[in-house]
Amino acid sequence: MRTLTIAGALIASALLTGAAATQSSRAGTDVEQRIDALLAKMTLPEKLGQLQQLDGEANGNARPEHAELAKAGRLGSTLNVRGAARVNALQRVAVEQSRLRVPLIFAFDVIHGYRTVFPIPLGEAASWDPAAVERAAAVAAAESRASGIHWTFAPMVDIARDARWGRVAEGSGEDPHLGAIMAAARVRGFQGDDYSRPDRIVACAKHWVAYGAAEGGRDYNTTDLSEHTLRTIYFPPFHAAVQAGAGTFMSAFNSLNGVPTSGNPWTLRQILRDEWKFDGMVVSDYNSISEMIAHGVAAGEADAARIGLTNGVDMEMVSRTIATHGEPLVREGKLPMSAVDEAVRRVLRIKMRAGLFERPYADEALERTTVLKPEFRQAAREVAARSMVLLKNDGGVLPLSTDVGRLAVIGMLANDRENMMGNWTGDGRASDVVTILEGIRQAVSPKTTVDYAAGVGISVERLRVETDQQRADDERGMDEAVKIATAADAILLVLGETGGMSGEASSRASIDLPGRQLALAERVIAATRGAKKPVAVVLLNGRPLAIPELAQQAPAILDAWFPGTEAGHAVADVLFGRVNPGGKLPVTFPRHVGQLPMSYNYLPTGRPPQASQKYTSKYLDVDVTPLFPFGHGLSYTTFALRDVRLSAPRIAADGTVRVSVDVENTGVRAGDEVVQVYVRDVVASVSRPVTELKAFSRVSLRPGQRQQVTFTLGPRELGFYNQRMQWVVEPGRFDVRVGTSAVGGLQASFEVQ
Ligand code: GLC
């Protein structure tokens, strides 16, 4: 029996996709020669200037000092300065008044849309549709570049297994495979195969690395992970971003195994540069260089600058340690000029690949005709609908009829614009947003009356402190809600979080429904139960929520995440059946916050949980299983998976096996199913997860239609890092499960010889 061993670097180079190869080959000698020539002319202050990124005002204005620094060649980039006219005004100073005329690169957090806001990334990931996610990023890129932005700080590709962490909203959830697929899709969408084009921008994979493993789910907190876990769980989406040709990376705030990731030579140099051959640029996160003082690894700003630049960060975001202390550090021999030149080379390389020297200015006319185009809004509506996950639908409560008679819509989020965009809303404007109430009112027939009641109030402030007046208002709000529900023929509860309850610096120790929303739902459901009226819940959330009571009482629950600018239309499309929901959970929904961190691909332990056996791994008070598992999502139709087939009962360690299954739409309505392939390496030299997603495909089927779906599993899917950190495929039995979530499905097995 032979163990197949492939060095990590070999995998990286072997799997480098066309995009990265094309990008670097076009860069090739031409760009490098141009960089050499420019570097040779630059003074040390001008070199250090290229490594400085400063923050514009939140509204997109540049700050007065930016022009002065640009003129002196002491500024390389800004973040938040945006809008073609404002960008051009500052760019003209850099290009027409500085000595070497090096253009600035303008960056912005275009996380899920620039002006047309798409669902939060966690919602987009729930589509399990890379093409849809790529389309969303391409729309964002077109609007951004037309508005003068060259570089987005996205995709955020952090794996998150703890829903207390607010930034789970910004990524693609808990799974390395789904995360890798979505990372690559977003990089392709932002960059295309040439990010110098007028409708493309430079991507930035962040936050490198393992920021999502913050202890306690508390943002910015310590992370401490084995190399095995890093390589197996946290690295894959970043590696996929490199393979897709991502132009930049962003180092993170967290310390990893005691070393801040913004000064960590192992991650920034050995992994990113030596193993993965990444030739792009690394920008630090906001002040994360100077924060190495707070981490206790830098004695002061000069020390922080030296550590950051020496260990692999190229551009400093907002803090000014490198620009301020770089000259004396070099003069005193504490910072080699070669480290400065290497960083400047990377910054110039990205600026040249982005076409900034040839076309430094934005086209103000193009901006006016590009931003918020009708087809972009339509794309946002379609992606939002494809992202929604039908968690429960007992008795086929959904879809509702548009002729329902009298519909009660309850919940303050139903009549809200700002929160529909979630967090990191780019240049999105609440005034552009279609509320859920508006979407419903436009969708129902003229004969249908829609009543609305806000119910109870929720806000970030009220998570900690509530006044008697607020409580009294809630009581009145619940009475009003019960009143319209009693008079209605169908009831829709719109519940969840506000957009500010997730995202950066927004961790929650509880992941329950905020405020008295559960009490509101229970009062409404209890008041209408006898009348057997359809009651459905639309959930708006930036993270998995622990909602066991709601899940037990509400017949139907549709998770809409934060759907973006077209929220109302997209929710109505799904609620009334114009779109059949096909989304699946990219994150596990726990029953209780006490189960966190939690993910479906856990190791079996020596004592797997058994209800009948006390001394096994479980809790006394809460079931260890999830409320809704990873990959879960229902449809308005039904599907059957049949006849799983393997191309061979045994394969060589470097061989492949094809897994085929027939999927049939056994219902009466067209719909999408996501066929998911999970693998278990039953016995290996290290303990392997009880199940791991290795492939998936979202298929659309008409009623009665049957389709064969085939997947290929090979070393990339069957291998793992052994104790010596070698990627190996070991001999033995592999169990394959083809299903529609992380639990259940059709089983098969094969042997690796
Ligand atoms: C923030 C975030 C990062 C963002 C950057 C610029 O602190 O951590 O994701 O891109 O600063 O806004």
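The values are calculated or read from the model by the stated rules, or taken from the named source; none is laboratory data. The model shown is predicted, which means the values in this text are computed figures rather than measured ones. Backbone-built Cβ (ideal geometry, glycine too); neighbour counts: all protein chains shown. Ligands, DNA and RNA are stripped out before the accessible areas are found, and what is left, the full protein with its side chains, is counted by its heavy atoms. Shrake-Rupley method; radii C 1.70, N 1.55, O 1.52, S 1.80 Å.
The conditions of being outside the structural domain of His228 (by TED's automatic domain parsing), crowded, with 22+ Cβ neighbours inside 10 Å and free of Cβ contacts under 8 Å to residues at least 60 places away in the same chain are not met by Leu558.
Can you name every residue in segment 280-331 that is within 16 Å of the ligand (Cβ to nearest atom), in contact (Cβ under 8 Å) with a residue 60 or more places away in the chain and among the β-branched types (Val, Ile, Thr)? Within segment 280-331, Val282, Val283, Val313, Val318 meet the criteria. Return a yes/no flag: does segment 256-264 have any residue that is in a loop (DSSP other than H, G, I, E, B), away from the ligand (no atom under 16 Å from the Cβ) and crowded, with 24+ Cβ neighbours inside 10 Å. Checked segment 256-264: at least one residue is in a loop (DSSP other than H, G, I, E, B), away from the ligand (no atom under 16 Å from the Cβ) and crowded, with 24+ Cβ neighbours inside 10 Å. If you go through segment 265-290 and keep only what is outside any loop (DSSP other than H, G, I, E, B) and of a type in the set (Gly, Ala, Ser), you end up with just Ser290. Applying the condition of being away from the ligand (no atom under 16 Å from the Cβ) and over 17 Å from Ile181 (Cβ atoms) to segment 223-255 and asking which residue is least open to solvent (accessible area, probe 1.4 Å) yields Leu230. As an exercise: evaluate Arg349 against (1) in a helix (DSSP H, G or I); (2) within 25 Å of Ser506 (Cα to Cα) and give the number of the one condition it does not meet. Of the numbered conditions (1) in a helix (DSSP H, G or I); (2) within 25 Å of Ser506 (Cα to Cα), the odd one out for Arg349 is (2). Each residue in segment 381-422 was checked for being assigned to a loop (DSSP other than H, G, I, E, B) and open to solvent by 20 Å² or more (accessible area, probe 1.4 Å), and 9 of them qualify.
Somewhere in segment 495-509, is a residue open to solvent by less than 10 Å² (accessible area, probe 1.4 Å), assigned to a helix (DSSP H, G or I) and either within 16 Å of the ligand (Cβ to nearest atom) or outside the structural domain of Arg218 (by TED's automatic domain parsing) (or both)? Scanning segment 495-509, I find at least one residue that is open to solvent by less than 10 Å² (accessible area, probe 1.4 Å), assigned to a helix (DSSP H, G or I) and either within 16 Å of the ligand (Cβ to nearest atom) or outside the structural domain of Arg218 (by TED's automatic domain parsing) (or both), so the answer is yes.
Could you check Val524 against (1) surrounded by fewer than 24 Cβ atoms within 10 Å (Cβ to Cβ); (2) farther than 27 Å from Ala125 by Cβ; (3) at pLDDT 95 or above and say which number it fails? Condition (1) is where Val524 drops out. I'm trying to understand the selection: among the residues of segment 193-231, which are in contact with a Ser or Thr (Cβ under 9 Å, 6 or more places away or on another chain) and in a helix (DSSP H, G or I)? Result: Tyr211, Gly212, Ala213, Glu215, Gly216, Gly217, Leu230. When Pro608 is tested against (1) in a helix (DSSP H, G or I); (2) surrounded by fewer than 19 Cβ atoms within 10 Å (Cβ to Cβ), only condition (1) is not met. Could you grab the pairs with beta carbons closer than 8 Å, sequence gap of 6+ or different chains, first residue in segment 462-473 and within 17 Å of Asp512 (Cβ to Cβ), second one assigned to a helix (DSSP H, G or I) and among the polar types (S, T, N, Q)? Going by the 8 Å Cβ cut-off, the qualifying pairs are Arg462/Gln470.
Per this entry, Trp165 is counted among residues that are within 18 Å of Val587 (Cα to Cα) and within 16 Å of the ligand (Cβ to nearest atom). Taken over segment 553-569, the criterion of being outside any strand (DSSP E or B) and under 20 Å from the mean Cα position of the chain (by Cα) is satisfied by Ala560, Trp561, Phe562, Pro563, Gly564, Thr565, Glu566, Ala567.
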